[in-house]
1. Among (1) in the same structural domain as D36 (by TED's automatic domain parsing); (2) within 16 Å of the ligand (Cβ to nearest atom), which single condition is H91 missing?
2. Kindly indicate whether any position in region 58-68 is assigned to a strand (DSSP E or B) and either without any contact (Cβ under 8 Å) to a residue 12 or more places away in the chain or under 28 Å from V147 (Cα atoms) (or both).
3. Do you know which residues across region 110-169 are closer than 20 Å to R89 by Cβ, loosely packed, with under 14 Cβ neighbours inside 10 Å and of a type in the set (D, E, K, R)?
4. Mind checking whether some residue in region 40-56 is without any contact (Cβ under 8 Å) to a residue 12 or more places away in the chain and not in a strand (DSSP E or B)?
5. Within region 51-64, track down each residue that is more than 8 Å from the ligand (Cβ to nearest atom) and under 13 Å from the mean Cα position of the chain (by Cα).
6. Determine, yes or no, whether G141 is modelled with pLDDT of 95 or more and either over 25 Å from K75 (Cβ atoms) or part of a loop (DSSP other than H, G, I, E, B) (or both).
7. Look at D62 and say whether it is at pLDDT below 95, closer than 30 Å to Y46 by Cα and not basic (K, R).
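The values are calculated or read from the model by the stated rules, or taken from the named source; none is laboratory data. The structure presented is a predicted model; accordingly, all values stated were derived computationally and were not measured. Cβ atoms come from the backbone with ideal geometry, glycine included; neighbour counts cover every protein chain shown.
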Amino acid sequence: MTSKAFTSVTMVTCLTYLLCTSIVDAGDSSSLDTEDPCSLYGTGIYSHPLECQLFYNCSKNDLFEGHWKHLDECKYPDLFSLVTNKCERYHEVDCDGREEFVDACDYKQNQCLGPHCRPCGTRWPKCEVENGRTHYQYMIGSPYYGVCQDWRVVERKQCEIGRFNIVTKSCTIQSSANSV
Ligand SMILES: *[C@@H]1O[C@H](CO)[C@@H](O)[C@H](O)[C@H]1NC(C)=O
């Protein structure tokens with residue numbers, strides 16, 4: 001399937017794994033399939049070269065969102081720190097060239113794989129303000145809204161009474177929110 005350039009070191013490492021071939025071919029070919037550091041080093045935790053919220057956990061043995069089995073992702077909105085070598089609060093992490101996502105729907109954990117999944121945009125709002133309340137783009141006129149901090153959704157809330165008005169950014173009983 002995927003034709004990666006494997007060094008002889010990789011081949012030797014692979015021989016120690018009975019399921020080497022299935023490890024290598026576990027995921028579809030995509031931009032995320034950079035060379036898995038676990039196939040070179042066997043153990044450990046490694047950052048992902050392209051995306052700041054992703055990392056490799058060589059001890060992990062399940063398939064992650066259809067991708068390579070060692071690939072894992074920090075829980076939104078956390079990011080993987082090169083300093084502590086684990087997931088940390090986003091404001092403590094310097095992505096150092098790796099892409100840094102603020103939108104919850106850019107995290108793989110929130111994206112849909114199968115047909116029985118409610119689209120991410122109905123589960124997570126996208127921040128239209130850096131700090132403060134924001135509405136769900138796909139649920140205008142609903143009681144649901146999010147609270148943003150640094151363009152990230154830090155809380156998902158529901159009006160106790162009424163609906164979330166996208167103009168006043170507050171819960172109102174007489175909603176004019178349907179007239180976008
Ligand atoms: C790596 O995976 C192992 C096995 O699933 C787990 O126990 C460990 O907590 C994981 N480490 C991180 C940093 O996610």
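1. The failed condition is (2).
2. No, that holds for no residue.
3. E130, D150, E155
4. no
5. Scanning region 51-64 gives E51, C52, Q53, L54, F64.
6. Here the answer is no, as G141 does not meet what is asked.
7. yes
Results for (1) among the acidic types (D, E); (2) at pLDDT 95 or above; (3) in contact with a helix residue (DSSP H, G or I) (Cβ under 8 Å, 6 or more places away or on another chain), shown as yes or no for each residue.
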site: K75; (1), (2), (3): no, yes, yes
site: N85; (1), (2), (3): no, yes, no
site: H91; (1), (2), (3): no, yes, no
site: R98; (1), (2), (3): no, yes, no
site: D106; (1), (2), (3): yes, yes, no
site: L113; (1), (2), (3): no, no, no
site: H116; (1), (2), (3): no, no, no
site: T122; (1), (2), (3): no, no, no
